[in-house]
Amino acid sequence: MRIAIASDHAAVAMKAELVEWLTGMGHEVADLGPDGDASVDYPDYGYKLADTVASGEADRGIALCGSGVGISIAVNRNPAVRCALVSEPLSAQLSREHNDANIIAMGARLIGPEMARMCLEAFLTTEFAGGRHQRRVDKLSTPQTSKESSRQTA
């Protein structure tokens, strides 16, 4: 699988560990930065990650920052991606199964590398269930259409 990963300065160490682990599992990993722990702005890396996944250059993405919150907000500005902030494997699994999430966000200051690997394993091995979930996922990428249909049913 082609996986892109990006972080801010607070998650550089976790990113490096995950890149090594994912590469060892045979995945093609694009590390979008940063390379060091000097202070950076997470939106810059979140937008870059979102663009990489939205363009199809990567099949899935991993967004990391101190809490996971800031970078997940940045990533979700792109309507072509669905980024789920998770801290345990069941949420990672359900984000794929029900929401067809293509990016996972985690907080390096909140979970350790072992939990991050367990979340990634669930995220990377779970398929989207489709069915009734597809309609909802379609609405996530077209919020204006969703607003119009809710006005018609009101």
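The values are calculated or read from the model by the stated rules, or taken from the named source; none is laboratory data. Everything quoted here is computed from the prediction, not taken from an experiment. For neighbour counting, all protein chains shown are included, and Cβ atoms are generated from backbone atoms with ideal geometry for every residue, glycine included.
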task: Tell me which of these N78 doesn't satisfy, since it passes every other one: (1) under 17 Å from V40 (Cβ atoms); (2) crowded, with 17+ Cβ neighbours inside 10 Å.
output: (1)
- line: Of S87, S72, the only residue that is within 22 Å of F128 (Cβ to Cβ), assigned to a helix (DSSP H, G or I) and small (G, A, S) is S72
message: Could you go through segment 108-117 and let me know if any residue there is in a loop (DSSP other than H, G, I, E, B), in contact with a helix residue (DSSP H, G or I) (Cβ under 6 Å, 6 or more places away or on another chain) and closer than 18 Å to S141 by Cα.
response: no
message: Step by step: first the residues of segment 29-58, then only those that are charged (D, E, K, R) and over 11 Å from A6 (Cβ atoms), then the one that is modelled with the lowest pLDDT. Which residue is that?
response: D37
message: Suppose the filter is in a helix (DSSP H, G or I), hydrophobic (A, V, I, L, M, F, W, C) and over 29 Å from P143 (Cβ atoms); does L49 pass it?
response: no
- prompt: Looking at S39, is it within 14 Å of A10 (Cβ to Cβ), touching a helix residue (DSSP H, G or I) at 6+ places or on another chain (Cβ under 8 Å), among the polar types (S, T, N, Q) and surrounded by fewer than 18 Cβ atoms within 10 Å (Cβ to Cβ)?
  reply: yes
